[in-house]
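Okay, structure first, notes after.
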Amino acid sequence: MKEHKGAHAFQSEHHTVVTIGTFDGVHVGHQKIIERLVNSAKAGNLESAILTFFPHPRMVLQKDSDIKLINTIQERKEILEKSGIDHLIVHPFTVQFSRLSAQEFVRDILVNRLKAKKVIIGYDHRFGRNRTADINDLRKFGEQYDFEVEEISKQDVEEVAVSSTKIRKALMAGRVEKANRYLSYPFALAGTVVKGKGLGREFGVPTANLNIEEDYKLVPANGVYVVKSEIGGENYFGMMNIGTNPTVGGTEQTIETHFFDLQKDLYDTYLSIELLTRIRDEKKFDSVEKLKIAMKQDKAFSMQYIRDNYGG
């Protein structure tokens, strides 16, 4: 897969089949559309291209939007890279770009830049300034500029929309196993390990305190989770606490992971940590001793879950 930073950076000697969308999550619904894109490109001796946008349009056009995304843009790129597409075009979404007329978008972006010979698009897709153009307009442009339009059915489009909504809702409720089924891969949190207050070490369970730079990344509901991460080429399991540590008077949300059987300083390490299942809500215990007992129970639950699901 070749990545292009904007349509104006796209370079290829071949014509393309293009689909357009944010593809947040790159979940099972998206994967069905991508498979259709790749197969269509092969059948027509064309190259497959996904045109996606960053920042998310709502971040630009709705300044008060608090939208949280399933993937960071880097995570989205890494997942799409495995999908078999030839080109990923990440176009900067700006107010100026949003003001392109439908004809300017089709002529200047799809035809002149991306060399589209076929566009695969949802039946309800709208584009151009104020999103006034629809698939019927696109078909007319196709006749004018010599490209084919293939419609994604209402059922398939709604599956994509519902899946994205369901995934976000599941994660916000802490239901990571449900989200992972829709994604077909484990949801992950990624960031740099920074120094925390060292409370885990005091309790005998040293933790890696994850700092996520992207403030638009969706963080699941507070609670304790079983997790997995690849560190130095090896897989390590552990348990993650997302929350404020209310038992010791904490107020700010932290993401802390205790990895089992790992004796390594992780400070300044960039980690991607997969969330496998949720153990319990975060809770304010009456004492630190009761918190320690709960953590032992969490570890026992985690170890049993790992044995049952990973043979560890």
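The values are calculated or read from the model by the stated rules, or taken from the named source; none is laboratory data. Remember, it's a predicted structure, so these values are computed and weren't measured experimentally. Heads up, the Cβs are rebuilt from the backbone with ideal geometry, glycines too, and the neighbour counts pull from every protein chain shown.
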- request: Using the structure shown, decide if TYR270 is in contact with a strand residue (DSSP E or B) (Cβ under 7 Å, 6 or more places away or on another chain) and under 21 Å from PRO186 (Cα atoms).
  value: yes
field: Selection status of VAL106, touching a Lys or Arg at 6+ places or on another chain (Cβ under 8 Å) and either in the same structural domain as GLY25 (by TED's automatic domain parsing) or modelled with pLDDT under 95 (or both)
entry: no
message: Show me the strands (runs of 3 or more DSSP E) found entirely inside the range 207-303 where at least 1 residues are in the same structural domain as ILE70 (by TED's automatic domain parsing) and free of Cβ contacts under 8 Å to residues at least 60 places away in the same chain.
response: none
- request: Evaluate the range 146-160: report whether one residue or more is within 23 Å of LEU61 (Cβ to Cβ) and not acidic (Asp, Glu).
  value: yes
- prompt: Across the range 93-113, what is the number of residues that are free of Cβ contacts under 8 Å to residues at least 60 places away in the same chain and outside any helix (DSSP H, G or I)?
  reply: 6
- request: Considering only residues that are of a type in the set (A, V, I, L, M) and in contact with a helix residue (DSSP H, G or I) (Cβ under 7 Å, 6 or more places away or on another chain), look in the range 112-137 and name the one that is nearest to GLN62 (Cα to Cα).
  value: ALA133
query: What number of residues within the range 135-161 are more than 27 Å from the chain's Cα centre (by Cα) and not in a helix (DSSP H, G or I)?
result: 4
- prompt: Would you call LEU80 within 26 Å of the chain's Cα centre (by Cα), within 19 Å of ARG139 (Cβ to Cβ), in the same structural domain as SER48 (by TED's automatic domain parsing) and modelled with pLDDT of 95 or more?
  reply: no
message: Just to be sure I understand the filter: pairs with C-beta atoms under 6 Å, separated by 6 or more residues or on different chains, first member in the range 137-163 and in contact (Cβ under 8 Å) with a residue 12 or more places away in the chain, second member of a type in the set (Gly, Ala, Ser). Which pairs pass?
response: ASP137/ALA102; PHE147/ALA116; VAL149/GLY142; ILE152/GLY122; VAL157/GLY122; GLU159/GLY29; VAL160/GLY29; SER163/GLY29
message: With the structure loaded, tell me whether VAL90 is part of a strand (DSSP E or B), out of contact with any His (no Cβ under 8 Å at 6 or more places or on another chain) and surrounded by 19 or more Cβ atoms within 10 Å (Cβ to Cβ) or whether it fails that test.
response: no
- request: Considering each of LEU138, LEU114, LEU171 in turn, give the residue that is under 30 Å from VAL226 (Cα atoms) and among the hydrophobic types (A, V, I, L, M, F, W, C).
  value: LEU171
message: Any residue that is modelled with pLDDT of 90 or more, out of contact with any His (no Cβ under 9 Å at 6 or more places or on another chain), among the small types (Gly, Ala, Ser) and under 17 Å from ASP24 (Cβ atoms) - is there at least one of those in the range 159-175?
response: yes
- line: Those residues of the range 49-82 that are part of a loop (DSSP other than H, G, I, E, B) and either without any contact (Cβ under 8 Å) to a residue 60 or more places away in the chain or under 30 Å from LYS117 (Cβ atoms) (or both) come to a total of 9
query: touching a helix residue (DSSP H, G or I) at 6+ places or on another chain (Cβ under 9 Å) and within 23 Å of ILE121 (Cα to Cα): does that describe GLU159?
result: yes
